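Structure first, then comments.
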Amino acid sequence: MCGNVYVGNLVPGLVSEAALRQLFDSALAAAFPDSANPGMEPVISVSMHSDGRYAFVELRTPEMATSALQLSGQVQLFGQSISVGRPSGYVDPSKAAAAAQAAAAALAAFSAGDTSAAAALGNVVPVQSPTAAASPAGVSPMGVLTGSALAATPATSYLCLEGTVSGETLTVDEDYMKAIKNLKDECVKYGQVVQLKIPRPADAKMAHVLYGTGFYGKAFVQFADAGAAARAKEALTGMILTGGQGQVAVAYVTQEVFAAII
């Protein structure tokens, strides 16, 4: 199982993929002695963005990716300190396991006809009924928020926005990063944004297939307070955003639902 990191604040035209490969291989060698063996080098691949300002580095293990985060702000290339972080859409394994357990409990409750138990888990219900066709290979079923669940949710500091991204946006890395930035820039006009999530399949090529199912095609924003969320909800409803899909629809969600989104 590999691990990926985002490397930013690069000097365009000066930092190459080969330079980044050498940097990460050398920096991780001390912490992972086995990487000195042929074919066990930490870096599997480096993907430099076309403008040269950032790149994605694929490392051999998740542990190596975690260790690489310590390089952020500590290493300079051509006079600029590089930033190293998790790529957008990164899923913490422990949170993924917790979300999977919650989804399994919701599915069991739904299958047994216990709607009150499913509602207690944040109004998350299965995408497909137990008799529906299986999901595509390698794709885990995700919960969806029903219209009635959204309508019944009282005012919170958490919002669900539909119409902010298209299937193409979820497929193309550059468009996806722009969508996150643009939406955050819009949301901060109404108050402090604590966290913003735009769910994206681990395999970006599946975005067109999964778009409109589960949480895919929706964005979720946590504001610092309910007042900011209320202002954003009123202002964004009906708006058309660049890279979006028609008019924006906004609804409140609970803290439990927001936390379950990965």
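The values are calculated or read from the model by the stated rules, or taken from the named source; none is laboratory data. Keep in mind that this is a model prediction, so the values were computed, not measured. Heads up, the Cβs are rebuilt from the backbone with ideal geometry, glycines too, and the neighbour counts pull from every protein chain shown.
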- Residue ID - surrounded by the most Cβ atoms within 10 Å (Cβ to Cβ), chosen from residues in the stretch 237-254 that are outside any loop (DSSP other than H, G, I, E, B) and in contact with a Ser or Thr (Cβ under 9 Å, 6 or more places away or on another chain): 250
- Query: Out of all the residues in the stretch 213-236, which are among the aromatic types (Phe, Trp, Tyr) and either surrounded by fewer than 16 Cβ atoms within 10 Å (Cβ to Cβ) or in contact with a Lys or Arg (Cβ under 8 Å, 6 or more places away or on another chain) (or both)?
  - Reply: 216, 220
- Task: Six or more apart or on different chains, Cβ under 6 Å: which pairs go from a residue in the stretch 235-262 that's closer than 14 Å to residue 219 by Cα to one that's basic (Lys, Arg)? Could you list them?
- Result: 250/233; 261/197
- Item | Residue selected from the stretch 168-211 under the condition of a type in the set (Gly, Ala, Ser) and modelled with pLDDT of 85 or more, by the criterion surrounded by the most Cβ atoms within 10 Å (Cβ to Cβ) | 179
- Mind checking which pairs have a first residue in the stretch 196-216 that is at positive phi and a second that is crowded, with 22+ Cβ neighbours inside 10 Å, Cβ under 8 Å, 6 or more apart or different chains? 214/143
- Query: Tell me, which helices (runs of 4 or more DSSP H) wholly within the stretch 1-114 include 3 or more residues that are modelled with pLDDT under 70 and of a type outside the set (Ser, Thr, Tyr)?
  - Reply: 93-111
- Evaluate the following for residue 132: is it modelled with pLDDT of 85 or more and farther than 26 Å from residue 86 by Cα? no
- Message: Looking at the stretch 36-88 only, could you name the residues that are of a type outside the set (Val, Ile, Thr) and in contact with an Asp or Glu (Cβ under 6 Å, 6 or more places away or on another chain)?
- Response: 40, 41, 42, 45, 48
- Item | Residues of the stretch 163-180 satisfying the condition of being within 18 Å of residue 248 (Cβ to Cβ), out of contact with any strand residue (DSSP E or B) (no Cβ under 7 Å at 6 or more places or on another chain) and not charged (D, E, K, R) | 166, 167, 169, 170, 176, 179
